[in-house]
1. Taking K and R as +1 and D and E as -1, what net charge do the other residues with C-beta under 10 Å from the C-beta of Phe410 add up to?
2. For n ≥ 4 DSSP H runs only, could you compute -39500 (n - 2.57) per run for the chain, divide by its residues and tell me the 222 nm figure to the nearest 500?
3. Based on Cβ point charges of +1 for Lys and Arg and -1 for Asp and Glu, what charge dipole magnitude is obtained for region 168-320 about its Cα centre, in debye rounded to the nearest 20?
4. Mind ranking 261-269, 239-247 by how tightly packed they are, going by the mean number of other C-beta atoms within 10 angstrom, highest first?
5. Quick check: residue separation of His302 and Arg137 times 0.36 nm, minus the Cα distance between them. What number comes out in nm?
6. Taking a Cβ-Cβ separation under 4.7 Å as the criterion for a possible partner, which cysteines of the chain have none?
7. Placing +1 on the Cβ of each Lys and Arg and -1 on the Cβ of each Asp and Glu in the chain, which of Thr348, Thr130, Ser113 has its Cα farthest towards the positive end of the resulting dipole?
8. At 1.4 Å probe size, what's the solvent-accessible area of Thr353? Round to the nearest 10 Å².
Amino acid sequence: MEKQAPDDSPRSAPPASSLGLYVHIPFCSSICNYCNFNRGLYDEALKTRYVAALRQEIGRGADGRPEGLRYESSDAAPVAQGFSPASAADTVFFGGGTPSLLTPDEIGLIIQSCRDRFDLTPDAEITLETNPETVDREKLERFREVGVNRISFGVQSFQDDELKRLGRIHSASRARAAVREARAAGFDNVSLDLMMWLPGQSVETWLGNVDALVDAAPDHASLYLLELYPNAPLKEEMARGGWSLAPDDDAAEMYLRAMERLERAGLDQYEISNVARPGKASRHNLKYWTDGEWLGFGCGAHSTRDGVRWKNVSATGDYIDRVTSGADMVTERRVLSANERLEEALFTGLRLTAGLDLEAVGTRHETDVWAVYGEALRPFLEAGWLMRDGGCLRLTRDGMLMANEVMAIFV
Ligand code: SF4
């Protein structure tokens with residue numbers, strides 16, 4: 001059942017040297033009843049001010065730190081003071097929220113700000129998360145003209161009753177049409193998101209969604225499990241509608257059978273929740289799973305660089321005020337300890353089907369990984385959840401269902 005990762009999936013690659021840039025767009029046309037992201041309702045005037053603030057933040061510094069701020073830590077080297085010189089970046093990811101609510105001109109201006117501030121490589125992957133309802137062919141063409149080269153559609157389901165239950169504004173037919181429009185607009189890198197284990201969803205209805213996704217022929221797909229936060233309005237609606245979640249065993253079957261179907265369709269799994277055609281794995285998201293570094297811009301955005309992690313203030317208005325007044329928009333800043341960096345490399349790397357190259361990670365983090373964790377990991381190897389493949393340690397597909405248990409060893 002286990003397969004090799006697509007060619008472009010790094011086999012426990014060393015940390016990527018180029019940065020990833022994440023740009024958060026916190027506006028949505030309506031709020032889905034399960035959503036716990038940092039987002040709010042679209043407001044034209046606020047959006048205009050937000051785009052200006054974003055461009056200001058991007059231009060402000062390659063590390064987001066107010067000039068003169070210095071970090072000290074006993075177990076991490078002090079970070080250089082002040083702004084860094086322009087750094088190379090090879091991905092830009094517009095996430096949200098609904099970034100496709102911005103006009104193509106606004107997206108183009110933000111990309112230009114990235115180019116002005118960073119050494120953006122000519123082949124940079126530039127992704128726009130898109131709600132199918134917010135675009136048509138013309139708008140997609142314009143997004144492409146201003147530099148977007150990867151579209152990620154939040155489809156979630158190909159069944160209208162499921163979409164309604166989730167409070168989504170698009171229909172299944174609009175999602176199909178949007179994918180066709182993206183192709184017609186010239187996009188050769190299209191990703192679709194699907195959500196699994198929805199209220200009232202059976203194994204068969206889920207597999208119907210997977211087949212519809214295969215018919216839409218994307219280059220990449222992400223399958224997410226619906227996670228309901230404590231006060232999600234969907235919980236109340238589930239109680240009123242009498243919709244329940246399928247049993248855990250069914251959820252496992254949904255996952256395993258979906259992965260088999262997607263593989264048969266040429267979409268190879270490269271991460272627990274992600275599949276892609278060869279060469280189309282998400283270069284941006286791989287930075288999160290391979291010890292990479294990234295800078296996040298916008299309200300609530302996280303960054304990790306030089307062993308320091310920081311987060312911008314979450315509220316949109318507060319973010320705009322802080323950026324425009326020259327104040328520090330960062331609310332949390334932390335130097336990661338050597339041990340935290342190792343643990344994170346282990347549990348994110350294990351998400352990849354390529355697994356962890358124990359020697360490479362050990363060298364990078366100056367630790368004999370097997371000597372430290374081998375005894376705790378042995379029961380998972382014996383249970384068939386983990387396997388050693390040459391110098392690599394990886395989860396089997398059955399093990400991916402138990403990933404949280406296995407990864408708990410590292411934290
Ligand atoms: S479109 Fe996405 S970000 Fe916006 S409310 Fe729905 S799930 Fe949340």
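The values are calculated or read from the model by the stated rules, or taken from the named source; none is laboratory data. Every value quoted in this text rests on a predicted model; they were computed, and no experiment measured them. Cβ placement follows ideal geometry from the backbone for every residue including glycine, while neighbour counts extend to all protein chains displayed. SASA here: full protein model, heavy atoms, side chains in, ligands and nucleic acids out. Shrake-Rupley method; radii C 1.70, N 1.55, O 1.52, S 1.80 Å.
1. It works out to a net charge of -2.
2. Per the formula, -12000 deg cm²/dmol.
3. Values: 17 positive and 22 negative charges, 113 e Å.
So the magnitude is around 540 debye.
4. Values: 261-269: 17.6, 239-247: 11.9.
Result, highest mean first: 261-269, 239-247.
5. Fully extending the segment from His302 to Arg137 adds 56.2 nm.
6. Cys28, Cys114, Cys299, Cys392
7. Ser113
8. Accessible area, nearest 10 Å²: 10 Å².
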